[in-house]
Amino acid sequence: MTASRALRGAQDVSQATVLKVNNAAKEIGYVGNHLAASLTKTNSNLIGVVLPNLTNVVFSHVMNGITEALGNTIFQPVFGVTEWDEDREYEVIKNILSWRPAGMIVTGTGLPASTRLILERANIPLVQIMDTDGEVIDSVVGFSHEKAGYDMAQALLKIGKRRIGFIGCIVNNDRRAAKRRVGFRRALKEANLDFCCEVNEAAVSSVSLGRKLMQEALQDCPDMECIYFTNDDIAAGALFYCIERGIDVPSRLTLVGFNGMDISNSFPGRLATSVTDLTGIGTEAAKILLKRCTGEKSEVSERIVLEPRIELGNSVSNAPTEYD
């Protein structure tokens with residue numbers, strides 16, 4: 001029985017014994033049957049993680065944070081992808097819950113009623129990530145996307161930007177991008193302004209899409225002095241288009257992304273952006289579940305806010321590079 005407990009990572013087995021048993025198992029090619037083991041207890045050692053997309057580098061950083069935090073534990077993350085589709089999100093969550101995970105990490109708040117119901121009835125620790133706006137079932141790690149949009153607009157207005165356009169994708173299905181747009185526009189309205197141009201497309205964000213949408217926006221509104229983008233990918237594509245067409249960034253046009261990816265400062269004419277701690281969001285979410293699943297804080301919900309940091313960079317002439 002000691003060998004069995006060691007393979008399960010039981011807390012009452014010494015590290016020396018665990019190492020000895022694991023080495024022996026490796027020598028003989030032993031692989032445990034977790035499905036059979038799960039029949040003897042209420043939940044498995046799986047941590048369900050539901051993300052909108054895996055091709056977007058944003059969620060790769062979140063995944064890294066989760067897997068790093070769970071790396072030396074008995075818990076194993078299992079990922080499901082929704083592609084920003086609410087019906088698919090429901091099915092993915094339902095299927096993961098059928099494996100009786102120890103806990104769940106789900107992207108976003110304001111979930112549809114049917115999805116919220118199955119998560120509530122699962123009666124397991126849950127962390128909603130990326131967003132703190134809206135209803136939260138249990139714990140949450142992220143920030144207010146509406147506030148992030150509002151704060152960026154305030155920073156741009158403070159340095160004199162007035163003719164501001166918006167370029168985005170999947171705004172209808174990506175609730176967080178839609179909230180940033182709402183917050184940004186609220187700040188404009190308070191200054192008696194509005195977007196002078198909007199271009200939206202229901203497609204997954206990419207650099208190539210940014211080039212295409214930038215061309216459309218400048219055809220509609222050639223005298224814009226600033227553009228707020230859904231994220232850094234699209235803003236980078238727009239910058240490439242500007243370089244190709246000889247449009248001076250930042251002197252002629254300010255480009256503003258979101259998330260603070262490496263691409264935002266990897267070339268001359270650096271984009272303005274809101275830097276988000278994506279790896280930290282994943283790490284903190286996993287840490288909450290570890291505390292809950294190991295009984296350290298079995299009934300305590302947590303709310304962790306990791307505020308984005310605004311960086312205006314070289315994309316704004318004669319302006320400070322950061323706002324706190």
- Query: Going by average Cβ neighbours within 10 Å, how do the peptides 45-51, 243-249, 253-259, 91-97 rank, with the highest at the top?
  - Reply: 253-259, 45-51, 91-97, 243-249
- Message: Using a 7 Å offset from Cα along Cα-Cβ at R162, what residues in the stretch 204-237 end up with backbone N under 11 Å from the label point?
- Response: none
- the stretch 96-163: relative contact order from alpha carbon pairs under 8 Å, six or more residues apart, as a whole percent, is 25
- Query: Using the C-alpha gyration tensor of the stretch 110-154, what are the square roots of 5 times its eigenvalues, in whole angstrom, with the largest one first?
  - Reply: 26, 11, 5
- Query: P(r) of the stretch 159-282 in 10 Å steps, Cα pairs, percent per bin?
  - Reply: 13, 48, 33, 5, 0
- Note on the structure: The long-range amide H neighbours of N231, using H built 1.01 Å from N in the peptide plane and a cut-off of under 5 Å, are F258
- Message: What is the distance in Å between the Cα centroid of the stretch 132-181 and that of the stretch 241-281?
- Response: 17
- Item | Inter-label distance, nm, simple model (7 Å from Cα along the C-beta direction), N200/E216 | 1.2
- From the C-alpha gyration tensor of the stretch 143-219, square roots of 5λ in Å: 21, 16, 10
- Of K189/K212; K161/K189; K147/K291; K158/K189, which ones are farther than 23 Å apart at the Cα? K189/K212; K147/K291
- Using r as the Cβ-Cβ distance of E91 and L19, and R0 as 35 Å, what FRET efficiency do you calculate, to the nearest 0.05? 0.30
- With +1 at each Lys and Arg Cβ and -1 at each Asp and Glu Cβ, the charge dipole magnitude of the stretch 77-120 around its Cα centre, to the nearest 20 debye, comes out at 240
- The local net charge around Y150, scoring Lys/Arg +1 and Asp/Glu -1 for residues other than Y150 whose Cβ lies under 11 Å from its Cβ, equals +4
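Rule-based calculations on the coordinates, nothing more; no lab input. Given the structure is predicted, the values throughout are model-derived calculations rather than measurements. Don't worry about glycine lacking a Cβ; one is built from the backbone with ideal geometry, like all the others, and counts go over all protein chains shown.
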